[in-house]
Amino acid sequence: MTELDYLERAEALRGKLYGIALLTLGSEAAAIDAVDEAVYKGYRNYRKVRQPQYFDTWLIRILINVCRDELRRRKRELAVETLPETAGDAYDALPLKEAIRRLPEPLRNVIILRYFTGLTLEETAAALSIPRGTVATRQRKALSLLKLDLMAEEGAS
Amino acid sequence: MNRQQEFWELKQQLQQLPPELDGTAQRARQRAKHRRMGRGFGISLGSLAGVCAAFILAVNTMPTFALACGRVPILRELAAAVALSPSLSAAVEHDFVQYVGQTQTIDDVAVTVEYVIADEQQIVVFYRTVGSGDYRASCNLLDGNGTALHGYSVTSGDSDEDLKQFEIHCKDITLPETLVLELSLRRFTETGDSVALDGVGRFSIHLDPEKTAKAVVVPVEQWVDLDGQRLLVDRLELTPTRTLLYLDEDPSNTAWLQSLDFWFTAPDSTLYDQQDGTVAATGDADHPGFYTFYFQSLYFVDHPEQLTLHIAEAVWLDKSEPTVTIDLTSGAWTGSLPEGVVEIEVQPVDYDGSSALELTVSTTADRMPLGYLFTAPDGSAYDCRGYSYLMADGPEHPARCCYYLTGYNWDTITAALSYTDITTPPEPLTVPLS
């Protein structure tokens, strides 16, 4: 992959990256910072991309790691924000955006990638380095907690 | 508002991108540039803008070159083709391009060799093909009498540019003044399969001695110690298209050198840090060590003997050439693992429609830990079907190196390690060349 390829593809992906970061971190400023950080990390490593067809999932994975590190940093400063999977009623009481943000991380990542980023099951599995079946299980669990009745087609099939 | 409405409104909300997000890729590029400069170094010709500016300067100030190339659109193409290579850009800037402009037809595909940049170490051939399809060229070398030459290798990379290039690496060859390129083409499909076209095209090229530079040798002859392994930094050979760093080992070393992370600085702190070109290092048929490394050209640097070599990392393979045997039912292993490996997992997967075992080795090191040729319990060799590499992103997210095994019917497999240890000095070792 050339530098020009990277710059063009990263810029084209910024909208999806922003959506993931905003839903994960909650604030616009934090989301922009996370996208900038992920695109910078990607820039430093684009020469190592051996399979350009997986570029999007590669950069999304970097962003997820950036967001994870940011959440870890926040946890050191603030009380833990996520709710347990058993707190079904608590999710009901929250606006959807906030409820997604408070999902346990494994469920949150799947729901964001599948339904707000438009990744297929396979792409989501690749971005998160988990089996396809695990994606499907987490997707079901997250939709149930959020009381969302979405078809697979409303993500990407 | 019910959840479904909330969902669709949230999706719509996410479509509204803040303007501050625009230009994120360029910001990353600028930040990387500033980060380097923040270490107190300048950059010679590293950036695309810098390279293009230098090239435009060359076109404006070297009318002979512009005349030789003839057509301005071609110049722009050549600038694009070499823009990301500081060495080739510098060679172009210093008028080491030789115009060829010959066309031959191979199996109904017209191929034109436009230019070559030649020196004692390599010849870079720029060519184009006419017609739809993705073609890549390679060649055999003959002298002016049609006698085959030996002692070279050819690498032909992928490129979306109309003006493509391949490199001829001159390992043990003295270039004649008249060189015949016996050029062949392969057509590549979208899936990466390729088929060779019938026939060859012969291009007779007279190499201008004025533009076929001799190598400049900078003797160094200094020993360095890297974690108990001693290396002799023997010499540099500089040509317009690249630099060769020649090392040698102390015979009492217990490991072969596999790779080296190094760069150079000038007395004014200018940094030269690009492993430019398709070949990083060459080894020896007699042992698995690598002691000759390729680097961006330092040919045009004033007083190269005043440069300082910095060595940040050396990767080693123990001379006992250890192996690891992996139980494919549990992921358990016996033997040795390279430094940095944190986990081995095995799981059945679908690979291009076939049942396969995915052998995943997680490692904090930024390199494939195992070779690609495995050994079955009966001693037979097994070539893995494919592999993938998901890069590390910090120590908490190690790289995942996956090897795909199809049609493999044993419960265990043995792999040779591609390296064993990594030496990273707390501060890079410095070796003043003079």
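The values are calculated or read from the model by the stated rules, or taken from the named source; none is laboratory data. Since the model is a prediction, treat every value here as computed from it, not as a measurement. FYI the Cβ positions are ideal-geometry reconstructions off the backbone, even for glycines, and counts take in every protein chain you see.
Structural remarks
- Considering (1) outside any loop (DSSP other than H, G, I, E, B); (2) in the same structural domain as B:GLN121 (by TED's automatic domain parsing); (3) buried (at least 19 other Cβ atoms within 10 Å of the Cβ); (4) in contact (Cβ under 8 Å) with a residue 40 or more places away in the chain, the lone condition that B:ARG187 does not fulfil carries the number (3).
- Of the helices (runs of 4 or more DSSP H) that lie entirely inside the stretch A:1-56, those containing 2 or more residues that are at the interface with another protein chain (Cβ under 8 Å from one of its Cβ atoms) and more than 18 Å from A:LEU113 (Cβ to Cβ) span A:3-12, A:28-45.
- Checking every residue in the stretch A:66-89 against the condition of being assigned to a helix (DSSP H, G or I), at pLDDT 85 or above and within 13 Å of chain B (Cβ to nearest Cβ) gives at least one match.
- From the list B:VAL346, B:VAL342, the lone residue that is in a strand (DSSP E or B), under 30 Å from A:TYR43 (Cβ atoms) and touching a residue at least 12 places away in the same chain (Cβ under 8 Å) is B:VAL342.
- Of all residues in the stretch B:207-235, those satisfying the criterion of being loosely packed, with under 14 Cβ neighbours inside 10 Å and closer than 15 Å to B:PHE96 by Cβ are B:ASP208, B:PRO209, B:GLU210, B:LYS214.
- Just one of the listed residues (B:TYR372, B:TYR382) is assigned to a strand (DSSP E or B) and more than 14 Å from chain A (Cβ to nearest Cβ), namely B:TYR382.
- Pairs, first over 15 Å from B:TYR404 (Cα atoms) in the stretch B:355-379, second of a type in the set (Phe, Trp, Tyr) and surrounded by fewer than 21 Cβ atoms within 10 Å (Cβ to Cβ), C-beta under 7 Å, six or more apart: B:PRO377/B:TRP410
- Test for B:SER85: is it under 30 Å from B:ASP273 (Cβ atoms), within 14 Å of chain A (Cβ to nearest Cβ) and modelled with pLDDT of 80 or more: no
- B:SER354 meets the conditions (1) modelled with pLDDT of 85 or more; (2) away from chain A (no Cβ under 14 Å) in every case but one. The failed one is (1).
- Count of the stretch B:261-276 residues, restricted to those that are part of a loop (DSSP other than H, G, I, E, B), over 14 Å from the mean Cα position of the chain (by Cα) and buried (at least 19 other Cβ atoms within 10 Å of the Cβ), is 1.
- Taking residues in the stretch A:117-133 that are basic (Lys, Arg), and partners anywhere that are part of a helix (DSSP H, G or I), the pairs with Cβ atoms closer than 8 Å and at least 6 places apart or on different chains are A:ARG132/A:LEU121; A:ARG132/A:GLU122; A:ARG132/A:ALA125.
- All positions within the stretch B:130-177 that are β-branched (Val, Ile, Thr) and either part of a strand (DSSP E or B) or over 26 Å from B:LYS214 (Cβ atoms) (or both): B:VAL130, B:VAL154, B:THR155, B:ILE168
- Qualifying residue in the stretch B:230-240 (condition: in a loop (DSSP other than H, G, I, E, B), within 13 Å of B:PHE295 (Cβ to Cβ) and either within 25 Å of the chain's Cα centre (by Cα) or free of Cβ contacts under 8 Å to residues at least 12 places away in the same chain (or both)): yes
- Every residue from the stretch B:95-106 that is farther than 16 Å from B:PHE203 by Cα and either surrounded by fewer than 18 Cβ atoms within 10 Å (Cβ to Cβ) or basic (Lys, Arg) (or both): B:ASP95
- Residues (under 32 Å from the mean Cα position of the chain (by Cα) and either under 26 Å from B:ALA255 (Cα atoms) or surrounded by fewer than 16 Cβ atoms within 10 Å (Cβ to Cβ) (or both)) located in the stretch B:326-346: B:ILE326, B:GLY335, B:SER336, B:LEU337, B:PRO338, B:GLU339, B:GLY340, B:VAL341, B:VAL342, B:GLU343, B:ILE344, B:GLU345
- Screening B:SER355 against (1) surrounded by 15 or more Cβ atoms within 10 Å (Cβ to Cβ); (2) farther than 24 Å from B:PHE293 by Cα; (3) not charged (D, E, K, R) leaves a single unmet condition, (1).
- When B:VAL279, B:VAL301 are screened for being at pLDDT below 90, assigned to a loop (DSSP other than H, G, I, E, B), out of contact with any Asp or Glu (no Cβ under 7 Å at 6 or more places or on another chain) and within 22 Å of B:THR212 (Cα to Cα), only B:VAL279 passes.
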